[in-house]
1. I need the peptides 39-48, 68-77, 277-286 ranked by packing, meaning the mean over residues of other C-beta atoms within 10 angstrom, with the highest value on top.
2. For segment 272-277, what does the Karplus curve 6.51 cos²θ - 1.76 cosθ + 1.60, with θ = phi - 60°, yield as ³J(HN,Hα) per residue in whole Hz, taken in order and with x for Gly and Pro?
3. Could you tell me what fraction of 2.2 N^0.38 Å the Cα radius of gyration of segment 129-301 comes to, as a two-decimal ratio?
4. Can you tell me the FRET efficiency between Ala82 and Ser197 if r is taken as the Cβ-Cβ distance and R0 is 25 Å, rounded to the nearest 0.05?
5. Give me the extension gain from Gln72 to Val280: residue separation times 0.36 nm, minus the current Cα-Cα distance, reported in nm with one decimal.
6. For a protection proxy built on the mean count of beta-carbon atoms within 10 angstrom, sort 192-205, 173-186, 143-156 highest first, please.
7. Which length gain, in nm to one decimal place, applies between Tyr169 and Ala212 when the Cα-Cα distance is subtracted from 0.36 nm times their residue separation?
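What follows is calculated from the coordinates using simple rules that are stated; it is not laboratory data. None of these values were measured; they are calculated from a predicted model. All Cβ positions, glycine included, derive from the backbone under ideal geometry; neighbour counts span all protein chains shown.
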Amino acid sequence: MEVLEPKRRTLAAFGLYSVWGVTGMLYGGLGYLIRDWRMLQTVATLPGLLILPALWLIDESPLWLIVNGRSQEALEIFSKMARWHGVELPAEAEMKKLVEEQTAEVRNITPNHSSVWSVMKSVVGNGVILFKTPRLRTITLCIYFNYLVVGTVYYGLSLSGASVSDDPYVYLVLSGLMELPAYLFSGYIVQYFGRKSSLSSFFLIAAAVLLALAFTPAAYSTTVLVLAMAGKLAITVGFQMVIFFSGELFPTEVRSRGVSTAFMMSCVGSTVAPFITDLVGSMYPWAPFVIFGTGALLQGGKTFPAAGDSGQGLPDTVANLEARQTKQSDMILASQAGVTSARGVVASHWSEGRQSACRLQHETHLATTTPATCSLPRRQYSPVAVL
């Protein structure tokens, strides 16, 4: 994700997950052929060893290297990427200057660890950094809730074969098959309709289908199976959007921590799902789908705080993320103050309890505020500061 330009990021990310649907279909076939669950688990796990060579074959993300102060390694990877794609990078001195500027910005916000106590504080800080600033705290809590609910619903439907179909193996194969169009077409849907509207819509569709499934008599077996597959399609689209958007919302500095701990919440959901389908479902067959449908309904009503649409770059640091929120707030305040043009860079500062909004002129004009009222130095309008 970090090495892709925004216009290609969506389609590439969603297309990548299509392999998950294929493996789901294969798992249904393996389950039919291998009835011993231990042997089945072994056969399904062994191919994971093929991933180990990736540790030596795949380069680290250059953006992550820059954020973590490893500028020379980032330059080497940029050179390799340029060589493979047949493009020319700017002069070496210019590249070094650009990378060093980014690295210097990170050093200003990253403390040095010169003692055991500072290292211990760093470990604790790494655990709570996702809740440290208001904007990041909101994003983290929303993403955790989304992962928890979508993990419960997704795995709950995947494990509902016995209650939906007479043949759980066929159900699992069909379930994996329904995921393929979800992965292949989700990227186009997001590009056309936008992130938040697409995410909310598919969760609401999943909620409607699952609530209808809860009150459909078991005698209508074909209808029950069709509704279950439609729900699996909708929740799969939602799951992939949640995964993709969480990677966009977390800054590079904490992206791996944010996404990995969010996946932990989905694992909590997958752990709870069997108790809902087997324990609750054995007493009240309709209850699991009511629970899943209600969860999808809640998630559809309240999704991510601000999943940016196409064309927006990924934030590199927590400071960048907070600066974006400040910039958006300043734009709203400036608009309310009478700024009529939408082009340029908006900045705001406080002086003696009063807020004054100012704007660098760029082929535009101001209605009520002139550049003379801005006392912020010009260097604060660097491209890094406004990303």
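1. Working: 39-48: 11.2, 68-77: 16.9, 277-286: 14.2.
So the peptides 39-48, 68-77, 277-286, ranked by packing, come out 68-77, 277-286, 39-48.
2. Rounded to whole hertz, the list is 6, 3, x, 5, 6, 6.
3. Details: Rg = 16.3 Å, N = 173, 2.2 N^0.38 = 15.6 Å.
Ratio of Cα Rg to 2.2 N^0.38 Å: 1.04.
4. Values: r = 37 Å, r/R0 = 1.49.
In this case the efficiency is close to 0.10.
5. Details: separation 208, 0.36 × 208 = 74.88 nm, distance 5.64 nm.
Going from the current span to full extension adds 69.2 nm.
6. Details: 192-205: 18.6, 173-186: 20.6, 143-156: 24.1.
So the order, starting with the most tightly packed, is 143-156, 173-186, 192-205.
7. Details: separation 43, 0.36 × 43 = 15.48 nm, distance 2.38 nm.
Result: 13.1 nm gained on full extension.
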